[in-house]
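Taking it in order: structure first as structure tokens, then the write-up.
Where a number appears in this text, it was derived from the coordinates with a stated rule and is not lab data. Quick caveat: nothing in here was measured; it's all calculated off a predicted structure. Note: ideal-geometry Cβ built from the backbone for every residue, glycine included; neighbour counts use all protein chains shown.
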Amino acid sequence: MIIGCAPQFVIGTGLAFLCSQPISGKNFFRVIFFIPLMITPLGVGYAMKMVADITKGPFQPLFGSATVDTWVWSVDPWASRFVMMICDSWQWIPFIFITMLAALENVAKDHVEAAQVDGASSVQIFREIIWPQIIPVAVTVLLIRMIEAFKLVDLPNIMTGGGPGSSTESMTLHSMYIWRANDMGSSAAIAYLLLILTVVVCASFFNYVVIGQLRKAKA
């Protein structure tokens, strides 16, 4: 979750920042970046499973030329996790992108133009002017993404079934498996643990960051 969400936020915010600049064709890229979010998780899982197929997928010639066409990523724990993170990122980066793009486009232009007149660099403008204004939205996006990461079921269930072993088995997927095995107590325990992680920890983190920013702004 941590390794997956952090790069997703960086990539999504970077794409949003690029599309908020006065560049040609940005409306086209906005539509292209938003398309994966409109596909159902089941569709993403089956599509990515076919794409990642080394023997029949679209990248088969590439793997064949590299003489690794007999390698199976689904039996390697870390390779399975890596493929899962790529699929999850392809599905959720558009959500971060479209939300952060809306936040960036609502930044006060007067402050940015004044900083440019004073000779501030792009990095200074982003760090001192843009970022403080969009950080509440950024924290909210991160929390939503973290909660969704805890609820991940579709991709590992379709692509690997939680395997090899339990290397790609999320907490929610494990809860579903043991619920199917009529182990209601363990399934309920995992559900309560997820409740604590997603509600208590995430809400506390959100309040800490937002209240801290408000106090910093007043100071």
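For the stretch 13-24, 3J(HN,Hα) computed residue by residue from phi via the Karplus equation (6.51, -1.76, 1.60; θ = phi - 60°) reads 5, x, 5, 5, 5, 5, 6, 8, 8, x, 10, 6 Hz, glycine and proline entered as x. Computed 3J(HN,Hα) for the stretch 120-126, one whole-Hz value per residue from the Karplus formula 6.51 cos²θ - 1.76 cosθ + 1.60 where θ = phi - 60°, is 6, 6, 5, 5, 5, 5, 5, glycine and proline marked x. Expressed in units of 2.2 N^0.38 Å, where N is the residue count, the Cα radius of gyration of the chain is 1.23. The translational diffusion coefficient of the stretch 35-145, from Stokes-Einstein at 25 °C and 0.890 mPa s with a Kirkwood hydrodynamic radius over alpha carbon pairs, comes to 142 µm²/s.
Cross-link reach is defined here as a Cα-Cα straight distance under 16 Å, omitting same-chain residues fewer than 8 places apart; for Lys109 the aspartates and glutamates meeting it are Asp118, Glu128. All Cα-Cα distances of the stretch 43-87, cut into 10 Å bins from zero to the largest, leave 29, 56, 15 percent in each bin in turn.
From its DSSP helices (H runs of at least four residues, each -39,500 (n - 2.57)), the chain gives a residue-normalised ellipticity at 222 nm of -21500 deg cm²/dmol. Under 11 Å from a label point set 7 Å out along the Cα-to-Cβ vector of Thr55, the amide N atoms of the stretch 72-97 belong to 72. Cβ crowding within 10 Å ranks Leu104, Leu42, Leu37 as Leu42, Leu37, Leu104, fewest other Cβ atoms first.
As a proxy for reagent exposure, Trp92, Trp78 were ordered by neighbouring Cβ count within 10 angstrom, fewest first; the result is Trp78, Trp92. At an R0 of 45 angstrom, the distance between the Cβ atoms of Ser24 and Ser166 translates into a FRET efficiency of 0.40. Each of Leu195, Leu18 was scored by other Cβ atoms within 10 Å of its Cβ. Arranged with the fewest first, they read Leu195, Leu18.
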